[in-house]
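Engineer: Please read through the structure below; I'll follow up with questions.
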Amino acid sequence: MRRGRDTPAAGVDTCRMNVSGPVVLDLRQRLAAGIFRRVAGPAGPRNRDRIHNTPGPRWFGPERPVRRVHSDASMFVGGLRALLMQSLHPLAMAAVAAHSGYRGDPWGRLQRTSTFLAVTTFGTADDAQEAVDRVRAVHGRTHGTAPDGRRYHAADPHLLGWVHVAEVDSFLRAHQRFGAHPLDGAGCDAYIADMAQVAAALGVVDPPRDRRELADRLRAYRPELRGTAEARDAARFILLHPPLPLIARGPYALLAANAVAALPPWARAELGLPRLPTAAEAVVHITGHALTRAIRWALGPAGAGAAHRTPHAVGVGRECPPRGRRPAVPLRRRTSPRPRLP
């Protein structure tokens with residue numbers, strides 16, 4: 001474990017986009033503040049200061065891939081894909097439908113998840129363990145009966161395992177598609193290993209630690225997965241009826257389209273989601289790049305001035321190096337092919 005304050009390992013290349021006009025700067029600050037409020041909630045500033053400014057050992061040092069992935073704007077796409085994938089396990093979906101309040105308080109659920117990711121990724125080891133203990137306590141008292149008559153318990157290691165692998169696969173795939181600095185093969189494996197540490201703390205038994213193990217575990221769950229009526233209802237709510245002002249629905253629809261495009265074909269079919277023609281899917285992919293770059297720009301140092309610092313867990317930025325100095329993390333574009341996930 002590393003000691004010291006958080007310094008994101010690989011942030012966003014916002015330095016090349018330093019547009020200083022007052023109108024543009026005001027736009028960036030408004031966008032950054034709006035995103036921060038949605039993702040971090042009313043306790044966001046207090047949580048952010050505690051996460052980043054409390055001294056002490058961390059679970060992950062600044063060089064770890066988990067920090068690169070979780071500080072990138074691609075998490076907006078990865079998070080939506082994770083929700084859709086997780087809904088495909090009937091028992092996990094039954095627990096979410098009965099206990100999570102995703103319809104009545106979707107932003108509260110997002111903010112709790114965002115804060116958990118931020119604390120375990122960037123916070124002190126003590127705060128990370130405390131966050132895990134709180135989640136385990138909630139899981140311990142979350143149980144019931146699914147519509148098919150089977151009993152579920154949120155602390156069941158097998159269910160926790162599905163939620164974990166669906167999340168890791170989604171975050172990593174979104175990062176490899178849309179991240180500012182995609183990982184190489186060893187980095188992908190290291191990210192999966194980083195996330196395994198958090199999963200084990202939550203009660204997952206023998207979580208996967210590299211791409212091969214992750215692919216094997218996803219295949220092992222496949223016979224248990226299906227698009228129940230609850231799962232399809234949740235997908236419609238997530239994709240078509242987000243509780244957003246009208247002005248934000250267009251960008252959200254592009255994020256949602258890219259999350260759907262990143263699903264495996266069988267998952268789309270189970271959820272009743274159409275498969276786009278190849279040409280249309282290519283256009284969606286382009287919009288995904290454009291939108292994540294726009295979010296990254298808004299959450300850069302200039303835009304973050306309105307919120308004092310960029311949001312944790314999504315869009316945590318890297319400070320621009322002083323003039324004349326090279327950044328600690330090279331900003332060159334990747335020249336070798338991105339490693340393909342199984």
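Where a number appears in this text, it was derived from the coordinates with a stated rule and is not lab data. Small disclaimer: the values here were computed from a predicted structure and weren't measured. Don't worry about glycine lacking a Cβ; one is built from the backbone with ideal geometry, like all the others, and counts go over all protein chains shown.
Engineer: Taking θ = phi - 60°, what integer Hz values does the Karplus form 6.51 cos²θ - 1.76 cosθ + 1.60 yield along segment 22-38, in sequence order, with x for Gly and Pro?
Structural biologist: x, 5, 5, 4, 5, 4, 4, 5, 5, 4, 4, 5, x, 5, 4, 4, 5
Engineer: Next up: If r is the Cβ-Cβ distance from Ala253 to Arg226 and R0 is 22 Å, what FRET efficiency results, to the nearest 0.05?
Structural biologist: Using R0 = 22 Å, I get an efficiency of 0.25.
Engineer: Here is a follow-up. Would you mind checking which residues have amide H under 5 Å from Gly61's amide H? H placed 1.01 Å from N; only 5 or more apart, or other chain.
Structural biologist: Long-range HN contacts for Gly61: Arg2.
Engineer: In nm, give the distance between the simple-model label positions of Glu130 and Leu244, each being 7 Å from the Cα along the Cα-to-Cβ direction.
Structural biologist: A separation of 3.3 nm, rounded to one decimal place.
Engineer: Another one. Please label the shape of segment 157-281 as rounded, prolate or oblate, based on the square roots a ≥ b ≥ c of the eigenvalues of the alpha-carbon gyration tensor (a/c under 1.5 means rounded; beyond that, a/b larger than b/c means prolate, else oblate).
Structural biologist: prolate
Engineer: Whole angstrom only: what separates the Cα centroid of segment 175-249 from the Cα centroid of segment 33-81?
Structural biologist: 17 Å
Engineer: Under a point-charge model restricted to the Cβ atoms of Lys and Arg (+1) and Asp and Glu (-1), what is the dipole moment magnitude of segment 47-111 relative to its Cα centre, in debye to the nearest 20?
Structural biologist: With only Lys, Arg, Asp and Glu charged at Cβ, the dipole is about 100 debye.
Engineer: Then there is this: Give the peptides 172-178, 27-33, 49-55 in descending order of average Cβ contacts within 10 Å, highest first.
Structural biologist: Packing order, densest peptide first, comes out as 172-178, 27-33, 49-55.
Engineer: Rounded to whole Hz and in sequence order, give me ³J(HN,Hα) for segment 58-64 from the Karplus expression 6.51 cos²θ - 1.76 cosθ + 1.60, θ = phi - 60°, writing x for Gly and Pro.
Structural biologist: Per-residue couplings from phi come out as 10, 5, 10, x, x, 8, 6 Hz.
Engineer: Here is a further query. Which distance in nm do the two modelled labels at Ala98 and Ala269 give, with both placed 7 Å along the Cα-to-Cβ direction?
Structural biologist: With each label point 7 Å from Cα toward Cβ, the separation is 3.0 nm.
Engineer: Answer rounded, prolate or oblate for segment 107-211, using the Cα gyration tensor with square roots of eigenvalues a ≥ b ≥ c: rounded when a/c is under 1.5, else prolate when a/b is larger than b/c, else oblate.
Structural biologist: Prolate, since a/c reaches 1.5 and a/b exceeds b/c.
Engineer: Please list, in order along segment 229-241, the HN-Hα scalar couplings obtained from phi with the Karplus expression 6.51 cos²θ - 1.76 cosθ + 1.60 (θ = phi - 60°), rounded to whole Hz, x for Gly and Pro.
Structural biologist: In residue order, the calculated couplings are 4, 5, 5, 5, 5, 5, 4, 4, 5, 5, 8, 10, 10 Hz.
Engineer: Continuing with the same structure: Shape of segment 233-294 from its Cα gyration tensor (a ≥ b ≥ c, root eigenvalues): rounded if a/c is under 1.5, otherwise prolate when a/b > b/c, or oblate?
Structural biologist: Note, shape of segment 233-294 comes out oblate.
Engineer: Okay, next question. Need the full-extension length gain, Arg151 to Ile286, defined as separation in residues times 0.36 nm minus the C-alpha distance. One decimal, nm.
Structural biologist: 44.3 nm
Engineer: Here is a follow-up. Quick one: putting +1 on the C-beta of Lys and Arg, -1 on the C-beta of Asp and Glu, what dipole do you get for segment 169-236 around its Cα centre, in Debye to the nearest 20?
Structural biologist: Charge dipole of segment 169-236: 320 debye, to the nearest 20.
Engineer: In debye, nearest 20: dipole of segment 51-202 around its Cα centre with unit charges on the Cβ of K, R (+) and D, E (-)?
Structural biologist: Dipole of segment 51-202, to the nearest 20 debye: 380 debye.
Engineer: Along the Cα-to-Cβ line of Arg109, 7 Å from the Cα, sits a label point; which residues in segment 192-233 have backbone N less than 16 Å from it?
Structural biologist: 228-233
Engineer: What is the gain in length, in nm to one decimal, between Ala200 and Asp216 on full extension, counting 0.36 nm per residue of separation less the C-alpha to C-alpha distance?
Structural biologist: 4.0 nm
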